[in-house]
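Working notes for the structure below.
The values are calculated or read from the model by the stated rules, or taken from the named source; none is laboratory data. Just so it is clear, the model here is predicted, and its values are computed rather than measured. Here the Cβ is made from the backbone with ideal geometry for all residues, glycine too, and neighbour counts use every protein chain on show.
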Amino acid sequence: MSLLVTAAQMRALDRETIETIGVPGVVLMESAGRGVVDVMARHYELARARVVVFCGPGNNGGDGYVVARHLAARGADVTVGLLGERDQIKGDAKIHLDACARSGVRVLDAPSAPLHRNDLAIDAVFGTGLTRPVGAGPARDILARLRAHRGPVIAVDVPSGMDADRGVIGPCVRADHTVTFAFAKLGLVGADALPMVGTLHVADIGIGEKLARERGVKSELLEESILSSLRLRDPAGHKGTHGHVLVVAGSRGKTGAALLCGTAVLRSGAGLCTVAMPPEAAAVVEGRVPELMIESLGPSGAVQALLAGKRAAAIGPGISRDDASRDRIRTLAHSELPLVVDADALNAVAADAALLPRRSSPTVLTPHPGEAARLLGLSTEAIQQDRVGSARALADRFGAVVVLKGARTIIAAPDGRLAVNPTGNPGLGTGGTGDVLTGCIAAALARLSPLDAYVAACAAVYLHGAAGDRAAAGRSQTGLLASDVIDALPHLLAPR
């Protein structure tokens, strides 16, 4: 998995590399700018290309001067548009500005730098330093010119107008390519950032992953390798050793949620799945999916009798909002089974937090933004404005792994680990796909040993999104059904 860093973490890693390890800042800046040009050379013909590099007064501008010098060395016709006064440029950035000018690159005031229709435009205005929307003035005018430009735009480190931690915070450059340095920034991989970032590239500037992990970086962008643990199948195993999952789900009119969740459990590799639901619902679904075992739930103690022999449980898809459901949530919450809590089980917890005490057994909560808002007592808008912070707050409050659903689903653990999932597409925005995800997570909890609920949740979320991508590729995003996603799950689990 690829590391994700905050702006503060990146500054600290830069500082340690410079002050402790002894790599001069001017060398890091040189590596960064050269990395941008190396990426550009893979996508554009640079010799005789006409390029305008807009540079801010800080270190992002310094990276831009290096870009301009290397482009000129490759035969491009380069102009630097300098935002601010030239005598205000200090430190490493000034060293590279002077070198750029001595290389014969034209350096003009940014408003005077011509930008023609087919020019390559480089955004090196703000980088990771921006924390509030750009106000009226020359900088905003430059961003407007870059936004209106019809030729290719390449952003240096972070598109200007974006907070490196939170994503888009105001008028923002829309880049075709973004070349970020050392590690991707958290704000670059959120859903709102996708159309602004374009294709994301990470340039190596000599700051190693080992140092980042030693300094507490715990956020990652999930990759396909996370599925390796789910692809393992014991050749001497049987249905019992592959895990038995209990799903408490469904009610009158919502039996589909229970069937989708239970079927996803089996399609994700668990050996057995028992779906328990009220008698009136059980009578409707009996035999609909022959591989599922159906249990009719009578009195409140019925769930307790079903715990023996199970390796994980899930509750929530399609359940009623009644006292019996609350009793079932309480029973599972006080059991020792790894547990997934979803849908109306989460809404019951939001109304009565005592239903879900901090558990010693692994627990995974799977809220969508509205459910997360109810759990935290916030608005849905507040959740969406800070999805990373919201997921972490929920993980801390409940001592559970949290899967905050939506475009670019976030997985957060109480120990500070966090992952962003890159798989999935808008076709998953349809009824039942959340129930499928709950089944995927429950199966992963039952299958993985020794169990790390965070890793299990990460693997299941990636699997679910990748299955959605495969299903959409074979059909379309429009009209995709949750059952299409289920059908695609085994293809993603085939040995590689």
Any hit, the range 110-123, residues being closer than 17 Å to Asp77 by Cβ, touching a residue at least 12 places away in the same chain (Cβ under 8 Å), part of a helix (DSSP H, G or I) and not β-branched (Val, Ile, Thr):
yes
When residues of the range 375-388 are filtered for being more than 22 Å from Val455 (Cβ to Cβ) and either among the aromatic types (Phe, Trp, Tyr) or crowded, with 16+ Cβ neighbours inside 10 Å (or both), how many remain?
5
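Residue-wise test of (1) out of contact with any His (no Cβ under 9 Å at 6 or more places or on another chain); (2) crowded, with 16+ Cβ neighbours inside 10 Å.
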position: Thr17; (1), (2): yes, yes
position: Gly33; (1), (2): no, yes
position: Ala41; (1), (2): yes, no
position: Val52; (1), (2): no, yes
position: Pro57; (1), (2): yes, yes
position: Asn60; (1), (2): yes, yes
position: Val67; (1), (2): yes, yes
position: Thr79; (1), (2): yes, yes
position: Gln88; (1), (2): yes, no
Test result for Leu339, in contact with a helix residue (DSSP H, G or I) (Cβ under 7 Å, 6 or more places away or on another chain) and touching a residue at least 24 places away in the same chain (Cβ under 8 Å)
yes
If you take the residues of the range 309-327 that are on the phi < 0 side of the Ramachandran plot and surrounded by 22 or more Cβ atoms within 10 Å (Cβ to Cβ), which of them is modelled with the lowest pLDDT?
Ser325
Selection over the range 131-141 where residues are within 22 Å of Arg166 (Cβ to Cβ) and not in a loop (DSSP other than H, G, I, E, B) yields a count of 2
Which numbered condition in (1) over 28 Å from Leu463 (Cβ atoms); (2) free of Cβ contacts under 8 Å to residues at least 24 places away in the same chain; (3) more than 26 Å from the chain's Cα centre (by Cα) is the only one that Pro235 fails?
(1)
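Residues are listed down the side, and each one gets a yes or a no for (1) hydroxyl-bearing (Ser, Thr, Tyr); (2) within 18 Å of Leu232 (Cα to Cα); (3) touching a residue at least 60 places away in the same chain (Cβ under 8 Å):
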{"position": "Thr438", "(1), (2), (3)": "yes, no, yes"}
{"position": "Ala442", "(1), (2), (3)": "no, yes, yes"}
{"position": "Ala446", "(1), (2), (3)": "no, yes, yes"}
{"position": "Ala457", "(1), (2), (3)": "no, yes, yes"}
{"position": "Ala472", "(1), (2), (3)": "no, no, no"}
{"position": "Ser476", "(1), (2), (3)": "yes, no, no"}
{"position": "His491", "(1), (2), (3)": "no, yes, no"}
Per the filter on the range 9-45, residues within 23 Å of Lys94 (Cα to Cα), of a type in the set (Gly, Ala, Ser) and assigned to a helix (DSSP H, G or I) are Ala12, Gly25, Ser31, Ala32, Gly33, Gly35
Which of the following residues is of a type in the set (Gly, Ala, Ser) and either under 19 Å from His177 (Cα atoms) or outside the structural domain of Pro159 (by TED's automatic domain parsing) (or both): Gly58, Gly81, Gly64, Gly22?
Gly64
Take the residues in the range 389-417 that are hydrophobic (A, V, I, L, M, F, W, C) and under 9 Å from the mean Cα position of the chain (by Cα), then tell me which one is surrounded by the most Cβ atoms within 10 Å (Cβ to Cβ).
Ile411
Taking the range 157-205 and keeping only residues that are over 15 Å from the mean Cα position of the chain (by Cα) and under 28 Å from Gly22 (Cβ atoms), one is left with Asp157, Val158, Val179, Thr180, Phe181, Ala182, His201, Val202, Ala203, Asp204, Ile205
Of a type in the set (D, E, K, R), under 26 Å from His238 (Cα atoms), touching a helix residue (DSSP H, G or I) at 6+ places or on another chain (Cβ under 8 Å) and buried (at least 22 other Cβ atoms within 10 Å of the Cβ) - does that describe any residue in the range 480-489?
no
Could you check, for the range 402-418, whether at least one of its residues is within 21 Å of Ala212 (Cβ to Cβ) and β-branched (Val, Ile, Thr)?
yes
Restricting to the range 207-229, count the residues that are modelled with pLDDT under 95 and surrounded by 14 or more Cβ atoms within 10 Å (Cβ to Cβ).
1
Restricting the search to the range 316-328, which residues are outside any loop (DSSP other than H, G, I, E, B) and either of a type outside the set (A, V, I, L, M, F, W, C) or touching a Gly at 6+ places or on another chain (Cβ under 8 Å) (or both)?
Asp323, Ser325, Arg326, Asp327, Arg328
Of (1) on the phi > 0 side of the Ramachandran plot; (2) in contact with a helix residue (DSSP H, G or I) (Cβ under 8 Å, 6 or more places away or on another chain), Gly377 satisfies every one except (2)
Within the range 356-374, the count of residues that are free of Cβ contacts under 8 Å to residues at least 60 places away in the same chain and either buried (at least 19 other Cβ atoms within 10 Å of the Cβ) or under 20 Å from Val388 (Cα atoms) (or both) comes to 9
Which residues, taken from the range 342-372, are among the acidic types (Asp, Glu) and either in contact with a helix residue (DSSP H, G or I) (Cβ under 6 Å, 6 or more places away or on another chain) or modelled with pLDDT under 95 (or both)?
Asp342, Glu371
